[in-house]
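Chemist: Pasting a structure here, questions to come.
Please treat every number below as a calculation from the coordinates, not as lab data. Keep in mind that what you see is a predicted model, and the values were worked out from it rather than measured. Cβ: placed from backbone, ideal geometry, glycine included. Neighbour counts: every protein chain shown.
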Amino acid sequence: MATARCCPADCALRSDWEEELAREEASLSSERVDDLGRYMKLLGHPLRLKILLLLLNRDHCVCEFMYIFTEPANLVSYNLGVLRKGGLVETYYRSKHRIYTIATEAEPVVRKITAAFPD
């Protein structure tokens, strides 16, 4: 039977309790947790999540996003800008078209976060 350690008032277990909570607190203050929180906030809007799911397959230009989502150009552009400022997407030019791609350093994180979605 497991010993209940849910309260600091239990003097016999106090030192063990404090050490365990200190370890748990340290694990929450890591940079990885902060980054994940930032990425989750960026992906909180369904359109931004859909954009990233499309970019996992291949790079796209704005006109392709507008065709796929049938959303106003300003809404698509705004959400692409949010993803770009957040470091999740990058752009390059092909001829006269600005092409969006997942940022190289963010790709592993994006793949982990979106792994639950079907292809």
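Chemist: Could you pull out every one of the lysines with an alpha carbon less than 23 Å from that of K112, ignoring same-chain neighbours closer than 8 positions?
Modeler: K41, K50, K85
Chemist: Quick check: the angle from helix 46-57's long axis to the longest principal axis of the chain, C-alpha only, nearest 10 degrees?
Modeler: Helix 46-57 and the main axis of the chain meet at about 70 degrees.
Chemist: Could you please report the charge total around A73, scoring K, R as +1 and D, E as -1 over all other residues with beta-carbon less than 14 angstrom from its beta-carbon? If you can, show how the numbers build up before the last one.
Modeler: Numbers: positive: R98; negative: E64, E71.
My count for the surroundings of A73 gives -1.
Chemist: Would you list H45, H97, H60 from fewest to most Cβ contacts within 10 Å?
Modeler: In increasing order of surrounding Cβ atoms, one gets H97, H45, H60.
Chemist: Moving to a separate point now. Express the relative contact order of region 31-116 as a whole percentage, based on alpha carbon pairs under 8 Å and six or more residues apart in sequence.
Modeler: 30 percent
Chemist: Counting other beta carbons within 10 Å of each residue's own, what order do S95, S27, S77 fall into, fewest first? List each step's numbers first, then the result.
Modeler: Numbers: S95 6, S27 10, S77 14.
Going from sparsest to densest Cβ surroundings: S95, S27, S77.
Chemist: Here is a follow-up. For H60, what residues show an amide H to amide H distance below 5 Å, using hydrogens built from the backbone and excluding near sequence neighbours?
Modeler: Long-range HN contacts for H60: Y100.
Chemist: Here's a follow-up. Sticking to Cα atoms, compute the Rg of region 31-116 to one decimal and its Dmax as the biggest Cα-Cα distance, whole number, in Å.
Modeler: 12.5, 39
Chemist: Here's a follow-up. If we count other beta carbons within 10 Å of each Cβ, what is the order of R58, R38, fewest first?
Modeler: So the ranking, lowest neighbour count to highest, is R58, R38.
Chemist: Right, here's the next one. Give me the angle, in degrees from 0 to 90, between the Cα long axis of helix 31-42 and the longest principal axis of the Cα atoms of the chain, rounded to the nearest 10.
Modeler: Once rounded, the angle reads 40 degrees.
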